[in-house]
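The values are calculated or read from the model by the stated rules, or taken from the named source; none is laboratory data. Fair warning: this is a prediction, and the values are worked out from it, not measured in the lab. Note that we place each Cβ from the backbone using ideal geometry, even for glycine, and neighbour counts take in every protein chain shown.
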Amino acid sequence: MKKVKWIFCPVCGGKTRTMIREDTELKKYPLFCPKCKQETLIEAKKLKVIVIKEPDAKTQSR
């Protein structure tokens with residue numbers, strides 16, 4: 001049987017509603033936390049979760 005793990009929120013540490021198996025691969029996955037209402041982009045591979053820090057959108061100047 002494959003290992004299964006809950007994903008915890010990188011902001012508050014609360015348990016999210018998402019589980020991953022050891023053979024799951026996620027890229028740019030929007031993880032939502034119901035506790036702190038934050039959405040974070042993550043990558044996951046072999047039960048290891050990495051937070052993606054993307055730069056904020058720049059405003060257009062005229």
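Of everything in region 49-59 that's more than 13 Å from ILE7 (Cβ to Cβ) and under 14 Å from the mean Cα position of the chain (by Cα), which residue is modelled with the highest pLDDT? I'd like the intermediate steps shown before the answer.
Keep residues of region 49-59 that are more than 13 Å from ILE7 (Cβ to Cβ), which gives 52-59.
Among the residues that remain, those that are also under 14 Å from the mean Cα position of the chain (by Cα) are: 52-54.
Values: ILE52: 91, LYS53: 85, GLU54: 71.
In this case the residue turns out to be ILE52.
Across region 13-55, what is the total count of residues that are of a type in the set (Gly, Ala, Ser) and on the phi < 0 side of the Ramachandran plot? Give the steps one after another, and end with the answer.
Taking region 13-55 first, the residues of a type in the set (Gly, Ala, Ser) are 13-14, 44.
Still in the running and on the phi < 0 side of the Ramachandran plot: 14, 44.
Total meeting the criteria: 2.
Would you confirm whether or not region 27-48 contains a residue that is modelled with pLDDT under 95, surrounded by 15 or more Cβ atoms within 10 Å (Cβ to Cβ), over 18 Å from CYS12 (Cα atoms) and of a type in the set (Val, Ile, Thr)?
no
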